[in-house]
1. Identify, from the list B:Leu28, B:Leu49, B:Leu79, B:Leu35, the residue that is touching a residue at least 40 places away in the same chain (Cβ under 8 Å) and within 12 Å of another protein chain (Cβ to nearest Cβ).
2. Here is a list of conditions, (1) more than 29 Å from A:Trp221 (Cβ to Cβ); (2) surrounded by fewer than 19 Cβ atoms within 10 Å (Cβ to Cβ), and A:Trp12 meets all of them except one; can you say which number that is?
3. For the subset of the stretch B:1-38 comprising residues that are part of a loop (DSSP other than H, G, I, E, B) and not hydrophobic (A, V, I, L, M, F, W, C), which member is modelled with the lowest pLDDT?
4. Which of the residues spanning the stretch B:116-138 are surrounded by 19 or more Cβ atoms within 10 Å (Cβ to Cβ), outside any loop (DSSP other than H, G, I, E, B) and within 7 Å of chain A (Cβ to nearest Cβ)?
5. Residue by residue through the stretch B:33-66, note down the ones that are open to solvent by less than 30 Å² (accessible area, probe 1.4 Å), under 17 Å from B:Leu121 (Cα atoms) and more than 16 Å from the chain's Cα centre (by Cα).
6. Within the bounds of the stretch A:123-140, is there any residue that is within 14 Å of chain B (Cβ to nearest Cβ) and touching a Phe, Trp or Tyr at 6+ places or on another chain (Cβ under 8 Å)?
7. Looking only at the stretch A:174-224, filter to residues that are open to solvent by 30 Å² or more (accessible area, probe 1.4 Å), under 22 Å from B:Asp104 (Cα atoms) and facing chain B (nearest Cβ under 10 Å); which one of those is nearest to the chain's Cα centre (by Cα)?
8. Is there a residue being of a type outside the set (Val, Ile, Thr), free of Cβ contacts under 8 Å to residues at least 12 places away in the same chain, in contact with a helix residue (DSSP H, G or I) (Cβ under 9 Å, 6 or more places away or on another chain) and not in a loop (DSSP other than H, G, I, E, B) anywhere in the stretch A:30-38?
Amino acid sequence: MPANRSSSGAVWAIVRKECRSEWRTRYGLNAALLFAVTGLASTSFAVGRLGDRPDVLAALLWIVLLFAALASLSHAFVREVEGHTMALLRLVASPTAIAIGKLLFNLLFLVVIEVVTVPLFLVLMGAAPPRWPAFLGVLALGSLALGAGATLVAAIVAQTRGRGALFAGVSFPLLLPVLAAAVSGTRAQWSGASVAAELRLLAAYAVALLAASLLLYDHLWEDG
Amino acid sequence: MIRRGLLLAWIAGWIAAAFLWAPLVPVLGETTRVLYFHIPAAWVTVLALGWSMVNSLLYLRRRDLEHDHQAAAAAEIGLLFCVVATVSGALWAKAMWGAYWNWDPRETSIFFLLLIYGAYLALRSAIDQPERRARLSAVYSAIAFVSVPFLIFVVPRIYFSLHPDPLINPRGKIDMDPRIRVVFFALLLGFTGLFFWVQSLRVRVARLERRAEERREGSG
């Protein structure tokens with residue numbers, strides 16, 4: 001019963017397959033990293049050093065991350081549709097396993113982008129976070145919610161005519177709560193306030209999006 | 001035909017009453033009257049989005065294109081009323097707060113609704129096949145349903161709002177002049193009737209379009 005195999009083995013196989021096919025060309029990763037660094041450089045060039053403005057810093061950091069994510073996260077699904085490999089993939093794994101596999105791959109992808117972008121941002125802006133656990137906590141939960149929302153929309157948009165063009169506009173309404181809470185949390189961390197409320201909000205939103213994804217993925221790929 | 005005439009007369013009559021009969025609130029002055037258009041439009045926006053989402057979920061369950069027509073029509077009309085609510089609110093904000101737009105939580109949430117409607121309709125326009133369009137846009141609608149409560153209920157609790165809440169705030173309710181209340185609720189009813197009337201027209205058009213499409217495919 002290959003179609004019912006949503007076990008961890010299938011998910012793991014999807015993640016490995018995604019990483020391998022990405023690593024063969026690295027075109028998605030290169031494009032995303034270039035985009036992130038370009039976005040960051042143009043922001044930094046336009047505003048200069050901002051070590052004493054936590055409100056602006058938090059907003060700029062998340063705008064750079066959001067745009068880098070929006071430029072790259074539809075890739076995992078669009079690649080399947082453009083290569084006409086989606087039907088084959090669905091023969092060997094359940095929609096839920098495919099979805100979770102792609103989500104894990106997208107989260108990994110986000111981590112790689114952030115490992116490059118965030119330190120560069122902190123150096124260019126000349127502002128070290130005063131409390132690393134709070135900073136990294138908001139970053140991690142924000143990325144989780146960002147990845148969950150973007151992966152779900154990517155699965156929808158990959159089946160439309162516009163594909164890449166639609167992705168940013170269509171996923172933005174879903175990512176707006178993430179942006180609001182993450183910016184507010186990062187700002188609070190820089191100005192020394194508590195981030196507990198924002199962390200709770202981000203965690204709740206990520207869980208709600210993940211639960212909705214698991215319920216909806218079966219409806220997404222019906223006619224192949 | 002008679003019901004349409006009654007609806008038109010009802011709305012026209014109460015709009016006249018809003019100008020001639022209902023008194024002005026001291027602080028708000030002439031801007032009081034935005035109450036009769038802005039809040040009913042905002043109410044219809046929320047009603048239409050709810051209607052659209054419920055029909056999307058029903059489509060996923062029953063796979064009847066009728067629900068898709070309902071969802072799409074409600075989204076289109078909701079977008080229209082959302083623009084009315086946003087613009088009337090911005091004009092009022094300019095008169096009372098001194099700026100058209102200030103990202104007050106209420107402004108944030110209505111802008112967010114505008115984005116959802118816009119994204120939903122953009123998504124629909126990018127898919128040709130009716131069943132696939134219905135299915136994918138219903139899934140999108142269901143996900144948007146997850147994020148709406150966060151913006152409507154969570155954001156106003158994080159940020160301070162200047163928006164007057166005559167309906168929620170009980171003190172505002174007592175201060176409301178009975179004549180204002182009568183006109184307000186009458187127009188709320190009128191706008192709701194307007195929504196369901198336009199909705200039925202739009203759904204009929206969608207049904208006819210589908211039938212014409214099927215006939216063309218059948219003969220050609």
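The values are calculated or read from the model by the stated rules, or taken from the named source; none is laboratory data. Just so you know, these numbers come straight off a predicted model, no measurement behind them. Here the Cβ positions follow ideal geometry from the backbone for every residue, glycine too, while neighbour counts run over all protein chains shown. Just so you know, the surface numbers come from the protein's heavy atoms only, side chains and all, with ligands and any DNA or RNA stripped out. Shrake-Rupley method; radii C 1.70, N 1.55, O 1.52, S 1.80 Å.
1. Working: B:Leu28 fails: within 12 Å of another protein chain (Cβ to nearest Cβ); B:Leu79 fails: within 12 Å of another protein chain (Cβ to nearest Cβ); B:Leu35 fails: within 12 Å of another protein chain (Cβ to nearest Cβ).
Of the residues listed, the single one that is touching a residue at least 40 places away in the same chain (Cβ under 8 Å) and within 12 Å of another protein chain (Cβ to nearest Cβ) is B:Leu49.
2. Against the list (1) more than 29 Å from A:Trp221 (Cβ to Cβ); (2) surrounded by fewer than 19 Cβ atoms within 10 Å (Cβ to Cβ), A:Trp12 comes up short only on (1).
3. In the first step, residues of the stretch B:1-38 are kept if they are part of a loop (DSSP other than H, G, I, E, B); the result is B:1, B:21-28.
Okay, now just the ones that are also not hydrophobic (A, V, I, L, M, F, W, C), so B:23, B:26.
On the way: B:Pro23: 78, B:Pro26: 71.
Checking each candidate, the answer is B:Pro26.
4. B:Ile116, B:Ala119, B:Leu123, B:Arg135, B:Leu136
5. Of everything in the stretch B:33-66, those that are open to solvent by less than 30 Å² (accessible area, probe 1.4 Å), under 17 Å from B:Leu121 (Cα atoms) and more than 16 Å from the chain's Cα centre (by Cα) turn out to be B:Ser56, B:Tyr59, B:Leu65.
6. Among the residues of the stretch A:123-140, not one is within 14 Å of chain B (Cβ to nearest Cβ) and touching a Phe, Trp or Tyr at 6+ places or on another chain (Cβ under 8 Å), which makes the answer no.
7. Per the stated criteria, the residue is A:Ala180.
8. Residues of the stretch A:30-38 of a type outside the set (Val, Ile, Thr): A:30-36.
Filter once more, keeping what is free of Cβ contacts under 8 Å to residues at least 12 places away in the same chain: A:30, A:34.
Those left that are additionally in contact with a helix residue (DSSP H, G or I) (Cβ under 9 Å, 6 or more places away or on another chain): none.
Scanning the stretch A:30-38, I find no residue that is of a type outside the set (Val, Ile, Thr), free of Cβ contacts under 8 Å to residues at least 12 places away in the same chain, in contact with a helix residue (DSSP H, G or I) (Cβ under 9 Å, 6 or more places away or on another chain) and not in a loop (DSSP other than H, G, I, E, B), so the answer is no.
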